[in-house]
Structure formats: structure tokens, C-alpha cells
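The values are calculated or read from the model by the stated rules, or taken from the named source; none is laboratory data. Everything numeric here is computed off the predicted structure, so don't read it as measured data. So basically every Cβ, Gly included, is an ideal-geometry build from the backbone, and we count neighbours across all protein chains shown.
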Amino acid sequence: MEYLEIEGGNPLCGQVCIQGSKNAALPILSAVILHHGTTVLRNCPKIIDVIYMLEILKDFGCCVSWEGAALVIDASRLCDSQVAECYGRQMRSSIMLLGSLLGRMKQASVSYPGGCVIGERPIDIHLAALEKLGAVFTETPAGLKAVCEKPAGTMLRLPFPSVGATENVILLAVLAEGTTILENAAKEPEIGELCRFLNSMGAGIEGMGTSKLVIAGVKELHDTDFTIMSDRIVAGTYMLMTAAAGGDVLLKEAPLEQLESVQKVLWQMGVRQEVQEEGLRIQSMGRPKCVQEVCTRPYPGFPTDLQSPLLAALALAEGTSVIRETIFEARFKIVEDLCRMGANIHVDGQHAVIQGVKQLKGAELTAHELRGGAALVIAAAAAKGTSRVYQYHYIARGYENIIRDLQSLGVVV
Ligand code: EPZ
């Protein structure tokens, strides 16, 4: 079985250029099929989930090509609206094709995305919201069949600011008859980026960055050439890796304005952060300080996707910290691996109490999902001695080239 072998224990030194945002690219790739024409996307991250999404678009009949760093997709002719079972189950974001397939083809069939190790991942909020816009769902043995003859704008409110459900409503509302007003919409920056992308194609979306989106349906969209913003979670991962291992790191293209909640926690941990001409400079000498309590929250709160990386960094902090996970029900899976490295962490339901230790020692570790895998890499880079991270393909779902990035920070991998 493939593994990453990491020689940990030395402070980081070097720089990383932060890739394009995975969680902006995926809904944008779904939105591409709303337009009977060509879309040029720049700074699209070359990660496994994007490769899967491009395969699905090709299955629908899209012409997809990389022209240098630019991704060119021609969605003029679509011949199918069935998300192949193999891809549907592979990744959560396939459910985000529901809204755009219904908007373009008036029908869709997807397999249930299925839960994953971080939680059940239900889609009830998606289905209830899309039904309000006119979608009708029937269960089939393979998954879900949907039709929506005439998408009609309406007023609706989400019971919880679900990122994916917000994106699905936007995707179906863009070409609907009339205006849709969506209340309690998620405010993650990736939602704003999807709206900016769609508006660059002629959509009429207002309220970006707020929990009330107003989407005026339009008849059709036009070609666009759009550059995707940087990935705040990848940037946060390397900020927390520097907190854990110590060192002096420069992050180029980091989306500063989206990292306030993470920067606040890092200042509490005694990590210096300085905005410089070339990027964000992160400096950490010795052990990080502990933090009273960090709760994961919908944006602009502390992101759940950085909860595991923070857990790994706090394992080495001076003192006791508490992390509360309020978004997913099973996102402390890496605690067992961290304890085998010598960490002292106690999980009680949605709470983790972390008594920082002076040192972690290298161990055999196994990734079970994307951000937990990234957190194990953080622990391995900070630990004394050699670690092996098995199943690290999970990490490639969200990080373009973790080996390249680690080596550019001076980690022996
Ligand atoms: C998006 O997932 C991200 N994925 C996740 O990132 C991220 O952790 C999450 O938002 C929260 O920020 C992508 O953008 C591709 P939600 P999503 O719908 O849309 C419950 C990563 O590592 N819920 O906001 O699935 C759900 O179970 C990934 O990049 C329902 O109950 O998140 C969860 O507990 C991991 N019913 C909570 O809401 C629904 O219909 C948040 O889910 C939908 C969601």
C-alpha cells in the first residue's frame, strides 16, 4: 500500500504558492453546463476531485481541454444527464450537479453521494430546497431521479446554512423563470466566488457575502474567462503546519481576507503573521501556546475543514486546549493516530480536550479522509523521527502536490 515517509522534527523554512480553491472550483465546474458555449477557467487546481468532475462533464458530452494553465470547457452539446455511478459515489460534490443538470436539461439522475468518515452527509436540505423551485424527485435503486419541467423562482429559507444546498439552489435559480430569494444562505467565500463566476456569464445574482441571496432568472448565459480564487483551507493548513513544526514560511497568493478566524487563533498560539509584498509570512519559534476553546462554525467562524489540522498543532502546545466540532458529527478520527505518536487528547462527543505534550514521535499513520490526512502530515512533520502516512491518496483529493509543497518547506519526504 502506498505511503508518504516523512522525516520530522525540523523547523520549516521556505515558501509555498497557494493553489486555486477546490471548494470554489467544484461548484463552478458544475455551473459550466448551464451555458451552451465555452468557458475558460484559470487557476483551477489539478486535484483528484477536479479530475473526477471533468470526467463527469465529458460523460455529459462536454469538450474539455487544458490549454497551458487554462482549462477550456465547451458545453454547447450535452447528451446525457446521468452522473455515472462510479463517480457519483466517489465524491460528495457530484450532488452539486443536481441544480445545474435540472437547470440545463430539466432532468438528472445521480447516485446517493453517501456518507463518509466525517459524517452521514445527508441531502435533505438540498432536496427540500430544489423542490420549492419545482423539482420532483423519485428514488430508484441506483439513487435519485429528478425532473424539473419549469424551474420557477420563489422565496425560500434554508433550515441550516448548508454550503452545498446553497450552491444547488443558485445553480437551479440562475435560468429559472422569475426571481429567487434565498434566506439563511451559506456565506462561505466559495459561494461568493460561484456567484461572481455566474455573474461574469450574465447571471443576475445579488447579496454575495450575506445570508440573503437574490437571484433574478435570465434566459441564457454567455462565454466567460474566469480566474478562480486561492484555497483558504490549503493556506490555513500550511499556517498550522508552521505553528506545529516551528519555522519561517512565506505563503504566496494566500486569500488573507478569508482567513481572519484562523489568524485570530494563530495569534493566540503565539504565531507571528506578517503581510509582506510577496505574501503572508508565518513565523513560529518553539512550541505553540494553547487556546482556551475553539468552536468550528459556518463562515466567518473557524472552518471545520481546519479543525483536524488545528488539533494536530495543539497536540504540541504548552497547556490544555479545547476544540468543539459543531458542523460534522465524526471529525475526530485522527485522535487515535495522534495518541500513538504520544499526544494526550481526550474526545467526549463533539469536544476534544488536548493536553499539549513536549514532543510527538514518528509512527505508522493511516489517512481516512482528506483533511484528517493533511493533519497527520502536519503531525509527522512536527514529530521527532520517521512517520509513514498510508492511504495518502485521500490528500491528493484537495492538495495539488503535497510532496512538492513539503519539500519546498524543507521537509524530508
Ligand atoms: C462543503 O460540504 C465542503 N465541500 C466541505 O469541505 C466543508 O467541510 C463543508 O461545506 C462545510 O463548510 C465542498 O464544498 C465540496 P454542508 P457540504 O452542506 O456542502 C449537514 C473538504 O474537506 N447537512 O454545509 O457537504 C451536513 O451533514 C470538504 O473540502 C444536512 O444535514 O457541507 C453537515 O453536518 C469536507 N443536510 C452540515 O450540514 C443537507 O442536506 C454542513 O454541511 C446538507 C448538509
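Could you list all residues from segment 229-281 that are under 21 Å from Glu188 (Cα atoms) and touching a Gly at 6+ places or on another chain (Cβ under 8 Å)?
Scanning segment 229-281 gives Met229, Ser230, Asp231, Ile233, Val234, Glu253, Ala254, Leu259, Ser261, Val262.
Please go through segment 176-201 and give me each residue that is surrounded by fewer than 20 Cβ atoms within 10 Å (Cβ to Cβ) and more than 17 Å from Arg297 (Cβ to Cβ), ordered by number.
Answer for segment 176-201, where residues must be surrounded by fewer than 20 Cβ atoms within 10 Å (Cβ to Cβ) and more than 17 Å from Arg297 (Cβ to Cβ): Glu177, Gly178, Thr179, Ile181, Glu183, Arg196, Asn199, Ser200.
Can you tell me which of (1) basic (Lys, Arg); (2) closer than 29 Å to Ile48 by Cα; (3) part of a loop (DSSP other than H, G, I, E, B) is the one Lys358 doesn't meet?
Condition not satisfied by Lys358: (2).
Taking Ile170, is it within 16 Å of the ligand (Cβ to nearest atom) and surrounded by 23 or more Cβ atoms within 10 Å (Cβ to Cβ)?
yes
Quick one: count up the residues across segment 240-258 that are among the aliphatic types (A, V, I, L, M), within 28 Å of Gly9 (Cβ to Cβ) and surrounded by fewer than 23 Cβ atoms within 10 Å (Cβ to Cβ).
Count: 1.
Against the condition free of Cβ contacts under 8 Å to residues at least 24 places away in the same chain, within 25 Å of Tyr399 (Cα to Cα) and outside any strand (DSSP E or B), how does Gly192 come out, does it pass?
yes
Of the residues that sit in segment 371-413 and are under 20 Å from Tyr52 (Cα atoms) and in contact with a strand residue (DSSP E or B) (Cβ under 9 Å, 6 or more places away or on another chain), which one is surrounded by the fewest Cβ atoms within 10 Å (Cβ to Cβ)?
Gln391
Could you tell me which residue of segment 293-323 is farthest from Ala375 (Cα to Cα), considering only residues that are within 14 Å of the ligand (Cβ to nearest atom) and charged (D, E, K, R)?
Here the residue is Arg297.
Could you list, in sequence order, the residues of segment 29-49 that are under 14 Å from Asp231 (Cα atoms) and over 12 Å from the mean Cα position of the chain (by Cα)?
Within segment 29-49, Arg42, Asn43, Cys44, Lys46 qualify.
Can you tell me which residue among Leu97, Leu54, Leu71, Leu26 is without any contact (Cβ under 8 Å) to a residue 40 or more places away in the chain and within 16 Å of the ligand (Cβ to nearest atom)?
Result of the check over Leu97, Leu54, Leu71, Leu26: Leu54.
If you check Glu253 against the conditions, is it away from the ligand (no atom under 14 Å from the Cβ) and at pLDDT below 95? Steps first, answer last, please.
Values: away from the ligand (no atom under 14 Å from the Cβ): yes; at pLDDT below 95: no.
Considered against the rule, which asks whether it is away from the ligand (no atom under 14 Å from the Cβ) and at pLDDT below 95, Glu253 comes out as no.
For segment 223-239, indicate whether the set of residues that are more than 24 Å from the chain's Cα centre (by Cα) and surrounded by fewer than 20 Cβ atoms within 10 Å (Cβ to Cβ) is non-empty.
yes
Condition first: over 30 Å from Lys252 (Cβ atoms), among the aromatic types (Phe, Trp, Tyr), within 16 Å of the ligand (Cβ to nearest atom) and not assigned by TED's automatic domain parsing to the domain that holds Thr326. Can you find one or more residues in segment 194-205 that meet it?
Scanning segment 194-205 turns up no residue that is over 30 Å from Lys252 (Cβ atoms), among the aromatic types (Phe, Trp, Tyr), within 16 Å of the ligand (Cβ to nearest atom) and not assigned by TED's automatic domain parsing to the domain that holds Thr326.
So that you can scan it fast, the table gives a plain yes or no per residue for (1) small (Gly, Ala, Ser); (2) closer than 16 Å to Tyr52 by Cβ:
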residue: Ala70; (1), (2): yes, no
residue: Ile95; (1), (2): no, yes
residue: Glu131; (1), (2): no, no
residue: Gly134; (1), (2): yes, no
residue: Thr140; (1), (2): no, no
residue: Lys150; (1), (2): no, no
residue: Phe160; (1), (2): no, no
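Can Thr154 be described as more than 14 Å from the ligand (Cβ to nearest atom), polar (S, T, N, Q) and either surrounded by fewer than 21 Cβ atoms within 10 Å (Cβ to Cβ) or modelled with pLDDT of 95 or more (or both)?
yes
Among the residues of segment 127-134, is there at least one that is among the small types (Gly, Ala, Ser), buried (at least 23 other Cβ atoms within 10 Å of the Cβ) and either part of a helix (DSSP H, G or I) or away from the ligand (no atom under 16 Å from the Cβ) (or both)?
yes
Among the residues of segment 109-125, how many are part of a strand (DSSP E or B) and at pLDDT 80 or above?
3
Just checking, which of Gly286, Gly217 is more than 14 Å from the ligand (Cβ to nearest atom) and at positive phi?
The match here is Gly286.
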